[in-house]
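These notes concern the structure reproduced below.
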Ligand code: ADE
Ligand code: ZN
């Protein structure tokens with residue numbers, strides 16, 4: 001359609017994509033074969049049939065086991081490079097990609113293999129015209145400290161190597177939000193900030209204590225972005241804080257429609273109209289069947305976006321990015 005071509009043709013940044021969420025069924029099958037692993041599923045259709053979820057928790061219950069096929073540095077490289085090639089086709093010229101080291105180190109994969117594979121793809125993405133960066137996420141349902149696979153131990157693994165540290169632009173927080181507030185990770189995030197890293201956190205759609213978690217992320221942690229964060233629309237004083245601080249929201253309309261049965265299109269467009277730096281992203285595109293352009297298209301259709309609004313969303317993706325101010329100017 002003309003809209004699809006227009007959207008794909010707009011240069012854009014993707015700021016909320018989990019590399020582990022780009023594991024397509026074909027890739028899962030191929031990696032199982034390559035690594036000599038037994039899988040319950042033999043075909044793409046059988047893998048897709050396991051993709052049954054209607055909430056964040058039920059999504060995560062499918063998502064983590066599927067990652068078991070990722071074993072070697074080459075696996076992480078191939079996963080990230082396949083995403084970057086696909087994102088390029090959607091007009092992505094700048095990507096800030098989440099990865100979940102604890103989902104791998106917790107099952108015996110070396111931290112170095114995860115980060116080296118992903119970093120290699122980020123470097124090689126320059127050859128296809130994508131400026132790619134990594135954001136290391138902590139799993140909020142694991143301990144903050146006092147455990148070999150805690151957030152603190154994971155930050156230690158990063159900061160122990162100046163080289164690894166230089167491969168990451170920021171840290172994030174994801175996984176199951178229930179009873180895992182931002183405050184739980186205050187010390188870890190303070191250390192990451194000290195190390196010069198940017199800070200973001202998920203405040204997922206319609207979670208228990210959503211507003212309180214957004215408040216903590218802004219006022220106790222000092223995040224620069226909120227991933228999802230769309231529930232902020234329910235609290236005018238927090239919307240004002242988001243605007244005053246110039247915080248970006250990385251919204252994911254198609255993901256929303258899987259985990260809440262509502263794309264939150266009305267809320268996203270409301271926030272855009274109020275001057276919030278709202279951005280559109282894919283979250284876990286292999287699971288939600290839409291890469292970034294598909295998310296713009298779904299929102300455009302649902303909310304009857306004008307081309308000016310679509311352009312504004314694409315410009316916001318650079319405004320909310322962690323590009324240097326000079327590089328950002330080149331895109332705006
Ligand atoms: N991990 C991958 N996708 C996620 C999401 N949307 N929310 C929380 N954790 C995630
Ligand atoms: Zn996410």
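So residue 123 passes all but one of these: (1) under 21 Å from residue 31 (Cβ atoms); (2) assigned to a helix (DSSP H, G or I). Which condition number does it fail?
The single condition residue 123 does not satisfy is (1).
Could you list all residues from region 277-320 that are under 27 Å from residue 52 (Cβ atoms) and more than 17 Å from the chain's Cα centre (by Cα)?
Result: 297, 298, 299, 301, 302.
Among the numbered criteria (1) more than 14 Å from residue 114 (Cβ to Cβ); (2) within 15 Å of ligand 2 (Cβ to nearest atom); (3) touching a strand residue (DSSP E or B) at 6+ places or on another chain (Cβ under 8 Å), which single criterion is violated by residue 180?
(3)
Might you check whether a residue that is over 18 Å from the mean Cα position of the chain (by Cα) and either under 30 Å from residue 261 (Cα atoms) or within 16 Å of ligand 2 (Cβ to nearest atom) (or both) occurs anywhere in region 159-176?
Within region 159-176 (the criterion being over 18 Å from the mean Cα position of the chain (by Cα) and either under 30 Å from residue 261 (Cα atoms) or within 16 Å of ligand 2 (Cβ to nearest atom) (or both)), the answer is no, since none of the residues qualifies.
Taking only pairs six or more apart or across chains, which ones have beta-carbon atoms under 6 Å, a first residue in region 161-188 that is in contact (Cβ under 8 Å) with a residue 24 or more places away in the chain and over 17 Å from residue 221 (Cβ atoms), and a second residue that is within 13 Å of ligand 1 (Cβ to nearest atom) and assigned to a loop (DSSP other than H, G, I, E, B)?
Listed pairs, sorted by first residue: 176/141.
Could you list, in sequence order, all residues of region 261-275 that are at positive phi, surrounded by fewer than 24 Cβ atoms within 10 Å (Cβ to Cβ) and in contact with a strand residue (DSSP E or B) (Cβ under 9 Å, 6 or more places away or on another chain)?
none
Across region 127-137, which residue is surrounded by the most Cβ atoms within 10 Å (Cβ to Cβ) among those that are over 14 Å from residue 195 (Cβ atoms) and in contact with a strand residue (DSSP E or B) (Cβ under 8 Å, 6 or more places away or on another chain)?
Within region 127-137, the match that is surrounded by the most Cβ atoms within 10 Å (Cβ to Cβ) is 137.
Test of understanding: among 260, 279, which residue is within 16 Å of ligand 1 (Cβ to nearest atom) and within 22 Å of residue 168 (Cβ to Cβ)?
After applying the criteria, what remains is 279.
Restrict the check to region 23-42 and report whether at least one residue is within 23 Å of residue 200 (Cβ to Cβ), in contact (Cβ under 8 Å) with a residue 40 or more places away in the chain and within 16 Å of ligand 2 (Cβ to nearest atom).
yes
Just for region 1-19: of the residues that are part of a strand (DSSP E or B) and more than 15 Å from residue 86 (Cβ to Cβ), which one is nearest to ligand 2 (Cβ to nearest atom)?
That would be 16.
When residue 53 is evaluated against the numbered criteria (1) at pLDDT 95 or above; (2) within 30 Å of residue 171 (Cβ to Cβ); (3) not in a strand (DSSP E or B), which criterion, by number, is the only one it fails?
(1)
Okay, residues lined up against (1) buried (at least 17 other Cβ atoms within 10 Å of the Cβ); (2) assigned to a helix (DSSP H, G or I):
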position: 30; (1), (2): no, yes
position: 37; (1), (2): no, no
position: 40; (1), (2): no, no
position: 47; (1), (2): yes, yes
position: 58; (1), (2): no, yes
position: 75; (1), (2): yes, yes
position: 79; (1), (2): yes, yes
position: 82; (1), (2): yes, yes
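How many residues does region 84-116 hold that are within 16 Å of ligand 2 (Cβ to nearest atom), in a helix (DSSP H, G or I) and under 17 Å from residue 158 (Cα atoms)?
2
Suppose the filter is surrounded by fewer than 18 Cβ atoms within 10 Å (Cβ to Cβ) and within 16 Å of ligand 1 (Cβ to nearest atom); does residue 65 pass it?
For residue 65, the condition - surrounded by fewer than 18 Cβ atoms within 10 Å (Cβ to Cβ) and within 16 Å of ligand 1 (Cβ to nearest atom) - is met.
Filter region 1-23 down to residues that are under 26 Å from residue 137 (Cβ atoms) and surrounded by 18 or more Cβ atoms within 10 Å (Cβ to Cβ), then give me how many there are.
Total meeting the criteria: 12.
The values are calculated or read from the model by the stated rules, or taken from the named source; none is laboratory data. This is a predicted model, so every value here is computed, not measured. Cβ atoms come from the backbone with ideal geometry, glycine included; neighbour counts cover every protein chain shown.
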